[in-house]
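Structure record follows, encoded as C-alpha cells.
The values are calculated or read from the model by the stated rules, or taken from the named source; none is laboratory data. It should be emphasised that the depicted structure is a prediction, and the values quoted were computed from it without experimental measurement. A quick note on method: Cβ atoms are made from the backbone with ideal geometry, for glycine too, and the neighbour counts reach across all protein chains shown.
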Amino acid sequence: MPDWTFLTNHAHVLLCIARDPGIRIRDVAARVEITERAAQRILADLTAAGYLTATREGRRNHYRINPALPLRHPLERDHQIGEILAVFHPAQPPAPAGTSDQAAVSA
C-alpha cells in the first residue's frame with residue numbers, strides 16, 4: 001500500500017456511500033482500509049457538516065449525500081462535493097473507447 005493517496009479517508013467514505021447508500025459501517029471500513037471506529041467518526045463528521053443524512057431502514061442505515069455543498073478547503077470552495085463524486089462515480093458510465101457519443105446514447 002502506498003504511503004499516501006490523493007484523496008482523504010473522508011472522500012473515500014463518501015465514494016463508498018455514493019456507490020452503495022445502504023452500505024454497513026463494517027464494509028466501509030474494510031473498503032477504505034480503516035477501523036470501524038474511524039469509519040464511524042468520519043460518518044459522524046460528514047453528517048454533522050451536512051454532507052450526509054442517515055435514515056434508519058430496519059436494522060441498517062440508508063445514507064443520502066448532499067452533492068450541492070462546497071468542498072471545505074479554501075482553495076476548493078468554489079467547487080461542490082457532487083463534482084468530485086461525478087468524476088469517480090458518474091451517473092452514466094462513459095462510452096467505451098472508439099465509440100461515438102451517438103452510439104453510446106442509442107445503446
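Show the residue pairs meeting these rules: Cβ distance below 6 Å; 6+ apart or different chains; first residue within the range 42-67 and farther than 17 Å from Asp20 by Cβ; second residue in a strand (DSSP E or B) and at pLDDT 95 or above.
Close Cβ pairs (under 6 Å, with a partner that is in a strand (DSSP E or B) and at pLDDT 95 or above) do not exist here.
Looking at Thr47, Thr35, Thr55, which one is within 21 Å of Thr5 (Cβ to Cβ) and modelled with pLDDT of 95 or more?
Thr35
Which of the residues spanning the range 79-107 are modelled with pLDDT under 55 and surrounded by fewer than 12 Cβ atoms within 10 Å (Cβ to Cβ)?
Of everything in the range 79-107, those that are modelled with pLDDT under 55 and surrounded by fewer than 12 Cβ atoms within 10 Å (Cβ to Cβ) turn out to be Pro93, Pro94, Thr99, Ser100, Asp101, Gln102, Ala103, Val105, Ser106, Ala107.
Is it the case that Ala44 is in contact with a helix residue (DSSP H, G or I) (Cβ under 8 Å, 6 or more places away or on another chain), among the aliphatic types (A, V, I, L, M) and in a helix (DSSP H, G or I)?
No.
Here is a list of conditions, (1) surrounded by fewer than 13 Cβ atoms within 10 Å (Cβ to Cβ); (2) over 15 Å from Asn9 (Cα atoms), and Glu76 meets all of them except one; can you say which number that is?
For Glu76, the failing item is (1).
Which pairs do you get when a residue that is in a loop (DSSP other than H, G, I, E, B), found in the range 4-29, comes within reach of a residue that is at pLDDT below 95 and among the β-branched types (Val, Ile, Thr), reach meaning Cβ atoms under 9 angstrom, with the pair 6+ apart or on two chains?
Short answer, once both residue conditions are applied: Leu7/Ile84.
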